[in-house]
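The block underneath contains the structure these notes are about, expressed in structure tokens.
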Amino acid sequence: MTALVSVIVLVVVAMTGVYVSWRAGRLDRLHTRLETARASLDAALVRRSSVALELASSGLLDPASSLVLADHAHCARSTQTGRELAESELTRTLRRVLNQPDFRSFPEARHLDGAEELFGELESTAHQVFLARKFYNTAVARTIAARRRWLARVLRLAGTAPMPEFFEIDDTLTPSEMDEQGTDMPHLAS
């Protein structure tokens, strides 16, 4: 009878060890996925600011709009603290520039050399930022949920990895209701 109890205890300990190891591996994979998603988001944001700088220097915009756009694109690219605010400000500037009535009434701008490609690339990079941010925030939510499980907390399976944070910015190039009302209050897309 003692041998049977020993075998049962050994099996339970082994299965518990396998389960804890599996949870730790899953948490590690989630953190790796999170780092990859963050790198992808950073690359998309840098690409968008590059295209915005290219638009600012293209001669398609009036000088004041070009200066403001270049300034916000440079700030978004070089700021590490407060990056969400800088990126949202770049989006609002792009939205104001591309949706201003005098720009829309200047159809020749779309027919200048390279203008159509530049606008297409800007729309493409804006969409890439939207997708990368959505993918990153999904990875953050899954990682936080896995870290909040009782086993991960009790056994400290996350180790010293910092708790991930969501990246919330305004990333739509279409005018929001707040912009149409003339306010500069940020509108955070979900």
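We did not get these values from a lab; they are worked out from the coordinates using the rules stated. Computed from a predicted structure; not experimentally measured. Glycine also receives a Cβ, built like all others from the backbone with ideal geometry; neighbour counts cover every protein chain displayed.
For K134 and T79, a Förster radius of 25 Å and the Cβ-Cβ distance give a FRET efficiency of 0.70, rounded to the nearest 0.05.
Remark: L4, L53, L155, L41 ranked as L4, L155, L53, L41, counting other beta-carbon atoms within 10 Å and listing the fewest first.
Fewest neighbouring Cβ atoms within 10 Å first, the residues T172, T160, T79 line up as T160, T79, T172. Note on W22, W150: ascending count of other Cβ atoms within 10 Å places them as W150, W22, the fewest first. The simple spin-label model puts a point 7 Å past each Cα toward its Cβ; for D62 and R156 those points are separated by 6.1 nm.
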